[in-house]
Amino acid sequence: MAAARRAKVAAALGVVVWWWWWWAVAVVGCGAQPVVVGSYGQPRLWLKPYDWSYLRVELPPSFSSVTMDFATDRDIQREHLKDLPRRDLAIICLMNSNPPIPDISDSFLDTLLSNFLVVGSFGSTNNQSDLAQCIPFQKNTTIVLRNDQISPGIWYIGYFNGLGPARTQSKMISRGRARSVSTSITVEGCPTSALWGPYCNQTIEMISCSQSSGYNNSRNLMGLNIDKRKTLNTREHTRRINFLSQWNHLEEKGVGSNSTTYSRMDNSITCAISNGSLCLRQGDMKFYFLDVVDLALQFEITATNFGLAQRSSLICYLRYNAFPRRDLHDYSGDISSAPLVLKLPNIGRWYFAIETVNITQMNSTASTPLLDTTCFSLEWQVTGCLNGKAGTNCSWEAYVLQRVPKRSPSVPFESYYVPSDGKASLEYSHFSLEQFLSNSSFEPFAWTYFFLDIPEGSAGALIHVQIKSDKELNYELYSRYGGLPSNESWDYYASRTSSSNGSVYFSLQNSTNSDMDLSIFYAKEGTWCFGVKHPSDKSNSQTYMSISLQGCHKNCNQKGACHSSIDESGLTFYSFCTCDRDHGGFDCNDELVSPNGHIWQSVFLIASNGAAILPAFWALRQKAFAEWILYTSSGISSALYHSCDVGTWCILSFRVLQFLDFWLSFMAVVGTFIYMATIDETSKRAMHTAVFILTALLAATGATRSANIGIVIAIGSLGLLIGWLLEFSTARRFVCWPWRINLNVPQSWPNLRSLFWNSLDLLNKRFRWFYLLLGFITLAFAGTSWKLESNRSYWVWHSLWHITIYTSSFFFLCSMRINTVNHSPEPSYELTRQNSLPRSEPRET
């Protein structure tokens, strides 16, 4: 009864699959159009000078193309790219699996820029390697990438406004223009899972497999693929299921038909296709895919039971994570003569295409296909190891490492890894290596493997591995993402004497005869495998190994602080260093200011504030105590701020000292202009109160803006003008015009001329022109120094700013004549006013 029921269910399921397949073929024949499966829009992202950000983009396995539109407020021409200094470069970079760091080294950045000059855009070379691809900011850029140009998965877009080691340096001043960029991303895919390719005009064939004699129940191939696709979409640690449990899971699902059978050998999964089920005309190509969901030893594709003529061959093209083509594939072989075997395949989806070609036409991609049709059997087999074993013969020990989060982490995802079999304590971040090493009496060297998973959202962290021994270290360490490492296949390699230092995302440092220390920057999310190659005979030594997930490389070399941020999508954390004033680079290892240079910069920036003595002394001599306090406190606060800024001594917090420095400097400039008006104390207090508020707002909202110097001078000039108007009005020196305007120019001309000459005479009596001219010259020097300040030359120009701005105030104060400052009456004016009064004749009594 149960067997009959299973047969009926299988038959019904087979009919459904048959109708579904013919419906998909009909859709393809009608020319199916891709549909939008995802989109992202970012209206505007502002990047300050030396600022950067990331955006995470996920492309599903079935995507057909992705369209990226970028709109910026800058247009860098291609021919001018090499001429721009690094600090002025604004670029957009694209990288697979981890955030790009274009300026991690000078040579790496030169390579990226050179590639753009040759290629011109993303994806033009079908490059899917780990090398990032970058383009400069342009007004409007539209990039369309097909799934044969980039692979599905996680991609990161990096936006950078300014490059070079100074990007992470703590800056005394941040000058430059902020840039904006808008992003729109549209991902298109095929309407059904049976349609594939860049234009949804290719199909994944439904395979009818023969029944295996080892199992009574059949399993449909599509059920396996669907199940594996679901597994890939879950967290990475769920993929650490061995092949036996995976097979049991497939049996329990009960999905299948009586046309397909999977047989499990000791450590493999096999699918066989009987003769007559797969037929090809010469020149045609059929596509299939295989999901490798766990670390496997190999998979093998074999063609049997075919009767091809000697002039024909069966060619198989294999490509990881993308559709293969005749001219673009990872592996290929003639499976009519020998199986195509791939050792240690990566976890993920492998696509392969089968084609029958004439032997004489194999090297020609444009040959005219023959009309012969050939049917054959196709079999593929994925082989792995069970019971905690790995290696070519399943003879080496393999251990799964569990992640233990650190208490009070400085950055998200900070953790360490220890074996999960109970031999190592979870309280310690290291474990003894000897108790886990493999034994071998037949080979001089043995392998021991450790598997770990990098969680989702932590692609901006790094893997730090350290091996320490009390004797000479005779180990080699191989690492690989998504696969087993070996002597021939690895991503990173390190030993006591050498390493794979060709990658900019790998660092081997502080290694000695008994110590090995390496880091993998911005490690990809997913399964990593570390293979330790060691002598078979275990020496009597004590060796400890630690593997951790950290934020910043070597804790920024103790020359900065490690910070973390989140990308624009909100899905990934990334860590970065904020270096001190003297260092920069990705890990603060680049010395930008030498120790002697640091001393000279500190001396100049602090001692140059001594120029405040000049105006302070003059104000104290004239008994202008308010101005004396203003100049003195301005000089002292500026010296204290720069003492903290260069790392010498901080009496208060940096933000407080910065506010006091700029606020009092602004007040010193404006106060000098107000003092030159010589108005009464009541009016002066009112103007000072208004200026206090305005300059405080300037210092609090953007103290380092380059436009502040112009705003401050404008405020001071306005205060001087208002003061003069008040002064002239009080002293009755202002000419009141009548309400009725006299349009008779000859009659009004003498009055205008008299007013002009009286004003010149007044200015001549009020100022000493030589000092006034020196004041304007030094003020112009101060404005020029402020404008020329940059990160590299800040200490020079800002020191000159201190000297020139205080000196200009001193010259302006010296240009005032003493009698006008003290408000002493001018005898000539008083006499004129008395003589102008009408005399009254004495009345006779």
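Placing a pseudo-label 7 Å from each Cα along the Cα-to-Cβ vector at Ile711 and Thr67 gives an inter-label distance of 4.2 nm. Working from Cα pairs under 8 Å separated by at least six residues, relative contact order for the range 477-589 is 19 percent.
Think of the range 35-196 as a dipole: +1 on every Lys or Arg Cβ, -1 on every Asp or Glu Cβ, centred on the Cα centre; then among Ser39, Thr67, Ile104, Ile104 lies furthest on the positive end. Taking the 1.4 Å solvent-accessible surface of the range 35-196 as the whole, the part contributed by carbon and sulfur is 48%.
Rounded to the nearest whole angstrom, the semi-axes of the ellipsoid equivalent to the range 416-551, taken from the Cα gyration tensor as √(5λ), stand at 22, 17, 15, largest first. Ranking Arg705, Arg685, Arg621 from most to least accessible surface, computed with a 1.4 Å probe over the protein chains only, gives Arg621, Arg685, Arg705. Taking all protein chains into account, the per residue accessible area for the range 35-196 stands at 37 Å² (1.4 Å probe).
Counting heavy atoms of the protein chains alone, Lys787 has an accessible area of about 140 Å² for a 1.4 Å probe.
Taken along the Cα-to-beta-carbon direction at a fixed 7 Å, the label points for Gln435 and Ser184 span 6.1 nm. Checking the cross-link pairs Lys468/Lys524; Lys533/Lys559; Lys139/Lys787 against a 31 Å limit on the alpha carbon distance flags Lys533/Lys559 as lying beyond it.
Computed with a 1.4 Å probe over protein heavy atoms only, the accessible area of His534 comes to about 0 Å².
Per-residue packing, averaged as other Cβ atoms within 10 Å, sorts the ranges 179-185, 590-596 into the order 179-185, 590-596, beginning with the highest. Straightening the chain between Ala338 and Glu443 buys 34.8 nm, computed as 0.36 nm per residue apart minus the Cα-Cα spacing. Magnitude of the charge dipole for the range 35-196, about its Cα centre and with charges confined to Cβ atoms of Lys, Arg (+1) and Asp, Glu (-1), is about 620 debye. Charge dipole of the range 416-551 (Cα centre as origin; +1 on each Lys and Arg Cβ, -1 on each Asp and Glu Cβ, all else neutral): 120 debye, rounded to the nearest 20. Taking a straight Cα-Cα cut-off under 24 Å and skipping sequence neighbours fewer than 8 places away in the same chain, the lysines within cross-link reach of Lys623 are Lys684, Lys765.
For Cys556, Cys562, the ranking by accessible surface with the largest value first comes to Cys562, Cys556, using a 1.4 Å probe. Here Phe604 sits with roughly 90 square angstrom of accessible surface, probe radius 1.4 Å.
These residues, Cys650, Cys385, go from largest to smallest accessible area, 1.4 Å probe, as Cys650, Cys385.
Label reach from Ala561 (point 7 Å along Cα→C-beta): in the range 140-183, amide nitrogens under 16 Å belong to 168-172. The packing ranking of peptides 625-637, 515-527, 576-588, highest mean first, is 576-588, 515-527, 625-637, where packing means the average number of other beta carbon atoms within 10 angstrom of each residue. In the context of the full set of protein chains, residues of the range 432-515 present 41 Å² of accessible surface per residue (probe radius 1.4 Å, heavy atoms only).
The values are calculated or read from the model by the stated rules, or taken from the named source; none is laboratory data. Bear in mind that the values here come from a model prediction, so they are computed numbers and not experimental data. Here the Cβ is made from the backbone with ideal geometry for all residues, glycine too, and neighbour counts use every protein chain on show. For the accessible areas, the whole protein counts, side chains as well, though only heavy atoms, and no ligand, DNA or RNA atoms are used. Shrake-Rupley method; radii C 1.70, N 1.55, O 1.52, S 1.80 Å.
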